[in-house]
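The values are calculated or read from the model by the stated rules, or taken from the named source; none is laboratory data. None of the values given here were measured: they were computed from a predicted structure. Don't worry about glycine lacking a Cβ; one is built from the backbone with ideal geometry, like all the others, and counts go over all protein chains shown.
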Amino acid sequence: MRAVWLAWLVLGVSVSQAWSWGQEGHAIVAEIAQRRLDPATLGKIEGLLAQEAPGLDHPNVTLASIASWADDYRADHKDTAGWHFVDMPDDRSTYDPDADCKNGNCVVEAIARFRAVLGDCSKPASERLQALKFIVHFVGDIHQPLHASDRSDAYTGKDDQGGNLVPVTFFGQTTNLHTLWDTGLIMRTVYNWGAYVVRLETVWFPGRDLTGLKGGSPAEWAVDAHRLGHEIAYDIPDDGVLGVKYFSKASPIVDRQLALAGIRLAQLLRDTLATAACQ
């Protein structure tokens, strides 16, 4: 854990900034993925990561250490903000690229674009590294239910920005629904992302049939996350006061989405780099 923390500092990643899943959630997804990479794929990724901190041993620069880079990048590049989510209306259960991803400005199409760059050996290594950073982050984002869900106010017609404009109180703490799903539910479960990974590896994964869950397309992942947003995340009382009852139904969904994001990220990286002869 200390090595990853030091790597964050070396890479200049803000340790206080918490967007999308938050640094904890994105680190969990990345670590789960890295543990499932075959030696050939891992070697290619470590070759790219070595550009980040020359002189450091490759194991010190991990997928977890770059998992939140895209959020820091967004702070100074506002045009990338739309790449982190896809606004699928709450009353629709399918993905419509023309309506939900105009001009390719959503997480579904962003993953496809950067996957093409990562697998293209003719691209500069620096460009492929940046693509890797975006992919690691965006695969996490697309599994957060409120990054694929959006509701409109019945009276004003204005959307709630994926729950960002929905105030809630969670165990006495005032926050908003989106932030609760980004970080609050994770931190309420285990206040340490490394321990959360261990928990998933020892409790969630063993004996679970993952057949058919590793693959799929980003559009399919978004539709699944959207369904969970509709059925679970937005299922809150009118007063917005949440506690044990909400946590007990939401926490297993967070576990599922983080775990699936991790194994799907690993599969996507394997498939993308399998035919790439470059390092």
Residue set ALA99, ALA50; condition surrounded by 17 or more Cβ atoms within 10 Å (Cβ to Cβ), over 19 Å from the mean Cα position of the chain (by Cα) and farther than 15 Å from ILE135 by Cβ; output residue ALA50
Out of all the residues in segment 240-255, which are of a type outside the set (S, T, N, Q) and in contact (Cβ under 8 Å) with a residue 12 or more places away in the chain? GLY240, VAL241, LEU242, GLY243, TYR246, PHE247, LYS249, ALA250, ILE253, VAL254, ASP255
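So which of ALA30, ALA70 is part of a helix (DSSP H, G or I), in contact with a Leu (Cβ under 7 Å, 6 or more places away or on another chain), at pLDDT 95 or above and not charged (D, E, K, R)?
Unique residue meeting the criteria: ALA30.
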Exactly one of LEU242, LEU268 is closer than 18 Å to MET187 by Cβ and surrounded by 14 or more Cβ atoms within 10 Å (Cβ to Cβ), and that residue is LEU242
Hey, any hits in segment 103-115 for a residue that's in a loop (DSSP other than H, G, I, E, B) and in contact with a Phe, Trp or Tyr (Cβ under 8 Å, 6 or more places away or on another chain)? yes
Within segment 74-116, can you find the residues that are small (Gly, Ala, Ser) and either closer than 12 Å to HIS147 by Cα or free of Cβ contacts under 8 Å to residues at least 40 places away in the same chain (or both)? ALA81, GLY82, ALA99, GLY104, ALA110, ALA116
What's the number of the only condition in (1) loosely packed, with under 15 Cβ neighbours inside 10 Å; (2) closer than 30 Å to PRO97 by Cβ; (3) among the small types (Gly, Ala, Ser) that ALA225 fails to meet? (1)
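Can you tell me which residue within segment 237-274, out of those that are hydrophobic (A, V, I, L, M, F, W, C) and not in a helix (DSSP H, G or I), is farthest from PHE114 (Cα to Cα)?
Just the residues of segment 237-274 that are hydrophobic (A, V, I, L, M, F, W, C), to begin with: 241-242, 244, 247, 250, 253-254, 258-261, 263, 265-266, 268-269, 273-274.
Still in the running and not in a helix (DSSP H, G or I): 241-242, 274.
Details: VAL241: 40, LEU242: 38, ALA274: 16 Å.
Selected residue: VAL241.
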I'd like to check something: does segment 222-244 contain any residue that is over 27 Å from MET88 (Cα atoms) and in contact with an Asp or Glu (Cβ under 6 Å, 6 or more places away or on another chain)? no
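Across segment 141-166, what is the number of residues that are touching a Ser or Thr at 6+ places or on another chain (Cβ under 7 Å) and at pLDDT 95 or above? Even if it seems obvious, please write down each step before you answer.
Going residue by residue through segment 141-166, those that are touching a Ser or Thr at 6+ places or on another chain (Cβ under 7 Å) are 141, 144, 147, 158-159, 162.
From what is left, the residues that are at pLDDT 95 or above are 141, 144, 147.
Adding up the residues that qualify gives 3.
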Please specify each residue of segment 191-236 satisfying the condition of being outside any loop (DSSP other than H, G, I, E, B), in contact with a helix residue (DSSP H, G or I) (Cβ under 8 Å, 6 or more places away or on another chain) and among the aliphatic types (A, V, I, L, M). VAL197, LEU200, ALA219, ALA222, ALA225, LEU228, ILE232, ALA233
